[in-house]
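These notes concern the structure reproduced below.
What follows draws every value from the coordinates through simple rules; no lab data is involved. In this text, all values refer to a predicted model and were calculated from it rather than measured experimentally. Note that each Cβ is placed from the backbone with ideal geometry, even for glycine, and that neighbours are counted across all protein chains shown.
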Amino acid sequence: MKYNLSVMNRVVLLNLMPQKGSFLDLRVSRDMVNLIGFSAEEQEARGLVENPETGSLKWEDGSPAEFDIHPKAVELIRKRLKELDEGGEIVPSLVEVCEIFEYDGS
């Protein structure tokens with residue numbers, strides 16, 4: 001499935017990936033991180049820099065890029081969104097990701 005993701009969408013998704021869970025979920029998560037993560041070359045091309053004091057990111061070029069995301073990864077993303085939603089932990093930065101991946105709270 002093809003998705004156009006902005007730099008912000010990608011950062012949000014990278015933070016959404018589980019840090020623990022089942023073996024299969026973590027394999028899918030690792031593949032997703034490798035797919036949408038930022039290579040050194042892309043960091044330089046986009047002017048992506050991290051503030052060492054706050055850990056926040058800034059970038060000059062936030063234009064979207066297209067990614068072919070495996071259905072298992074989409075399923076994992078929706079599962080993580082559902083977990084956060086059920087815990088009342090959806091924050092504004094996740095709303096656009098919910099819309100992109102067609103998560104509607106059900």
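Observations
- Fully extending the segment from K58 to L26, taken as 0.36 nm per residue of separation minus the present Cα-Cα distance, adds 8.7 nm.
- Within the chain, helix-based [θ] at 222 nm, where runs of 4 or more DSSP H residues each add -39,500 (n - 2.57), nearest 500: -16000 deg cm²/dmol
- Once each of the GluC sites (Glu not before Pro) sitting in a DSSP loop with at most 13 other beta-carbon atoms within 10 Å is removed, the chain keeps 1-52 as its longest stretch.
- For the chain: relative contact order, % (alpha-carbon pairs under 8 angstrom, 6 or more apart): 36 percent
- Footprinting exposure proxy for F67, F23 (fewest neighbouring C-beta atoms within 10 Å first): F23, F67
- Between the range 1-45 and the range 50-77, the alpha-carbon center distance in angstrom: 6 Å
- Listed by chain and number, the lysines whose alpha-carbon sits under 26 Å from that of K79, ignoring those within fewer than 8 places in the same chain, are K2, K20.
- The orientation-averaged projected area of the convex hull spanned by the Cα atoms of the chain comes to 7.2 nm².
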